[in-house]
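Colleague: Encoded as C-alpha cells, here's the structure I'll be asking about.
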C-alpha cells in the first residue's frame, strides 16, 4: 500500500502577533512542510486582497522551489495550491488551485489557464475540490478534478455544532475514481480509521500547523 497523501491547509490567523509576524510564521510552516515532503499545501488565506495573496504566494513558491533543489530525490515535490484564486495561481506559477464547493468547475479553471497562457500553451494545473457528500465526490471525479477533500469527517473542536459526515459517508465517497482525502477533526488517533475506510490521504490545518510537521508526517506515513 502506498503511503498516504498529506495535505496541509494554511491558516495564518491562528498564529499570534501582528500581520507581518503571522505571515512570517506561516512561511516558516510552509518551509517546514516542504522539507518534510508533504504532498500538498493549500494557501487558504481568504481574507487577503489579491495583491497581498499574490505576494505571499510568490514567497511560498520560492520556498518550495528551494526545498526541492536541496533534496536528493528530485522526484519529490510539494504541490502548492491557491484557494479559489486561479488568477493568483497562474500569476505566481503555483502548481494548482483548490476549489471550494459551488465555485468554478475544474473545466472552467483549465479553460482560464489556457486562455491566460495562450491557446497553444498546455497548462496543467493540479485541482483539488471541496466535497461534503459522496455525491459531490462523484461530481468532482466526473469533472476531472485531481483529488477531493471530503469534510468534515469528524466533529471539529472549534465548531462543535458542525454535523460530521462520519466514516460511513467517507467510505462511500471513496468508491469513485478520484483520490479522496479526509478533512475535518483529523488527529493522529483517528487518521488510521480514515485510511482504513478508503481515504487516499489526510488533509488538515491544526494537525500540521500546531505540531512538528516532520514528526506528524513520519507517524502518518508509518
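Colleague: What ranking do 178-189, 162-173 get when scored by the average of other Cβ atoms within 10 Å per residue, highest first? Walk me through the numbers on the way to the answer.
Modeller: Values: 178-189: 21.2, 162-173: 17.3.
Ranking, from highest mean packing down: 178-189, 162-173.
Colleague: Scale the Cα Rg of the chain by the rule-of-thumb value 2.2 N^0.38 Å and send over the ratio, two decimals.
Modeller: On the way: Rg = 16.7 Å, N = 222, 2.2 N^0.38 = 17.1 Å.
Dividing the Cα Rg of the chain by 2.2 N^0.38 Å gives 0.98.
Colleague: Further question on the same structure: If R0 is 45 Å, what FRET efficiency do you get for residue 51 and residue 171 from their C-beta distance, rounded to 0.05?
Modeller: Values: r = 43 Å, r/R0 = 0.95.
Once rounded, the FRET efficiency stands at 0.60.
Colleague: Based solely on its DSSP helices, what 222 nm [θ] is calculated for the chain when runs of n ≥ 4 H residues each add -39,500 (n - 2.57) and the sum is averaged over all residues, nearest 500 deg cm²/dmol?
Modeller: On the way: 9 runs with 92 residues, N = 222.
Value at 222 nm, helices only: -12500 deg cm²/dmol.
Colleague: Express as a percent, rounded to the nearest 5, the fraction of DSSP beta bridges in the chain (both residues included) that run antiparallel.
Modeller: On the way: 1 of 28 bridges.
Bridges in the chain that DSSP calls antiparallel: roughly 5 percent.
Colleague: Sort 88, 97 so that the residue with the fewest other Cβ atoms within 10 Å of its own Cβ comes first and the one with the most comes last.
Modeller: Values: 88 22, 97 29.
In increasing order of surrounding Cβ atoms, one gets 88, 97.
Colleague: Here's something else I'd like to know. For 84, 133, what's the fewest-to-most ordering of other Cβ within 10 Å of each Cβ? Spell out each step's value before the answer.
Modeller: Numbers: 84 18, 133 14.
The most exposed by this proxy come first: 133, 84.
Colleague: While we're on this one: So for 150, 15, 208, fewest C-beta neighbours within 10 Å to most, what's the order?
Modeller: Numbers: 150 29, 15 15, 208 26.
Taking fewest neighbouring Cβ atoms as first place, the list is 15, 208, 150.
Every number in this text was worked out from the coordinates using simple rules, so none of it is lab data. Because the structure is predicted, anything quoted here is derived from the model rather than measured. Note that we place each Cβ from the backbone using ideal geometry, even for glycine, and neighbour counts take in every protein chain shown.
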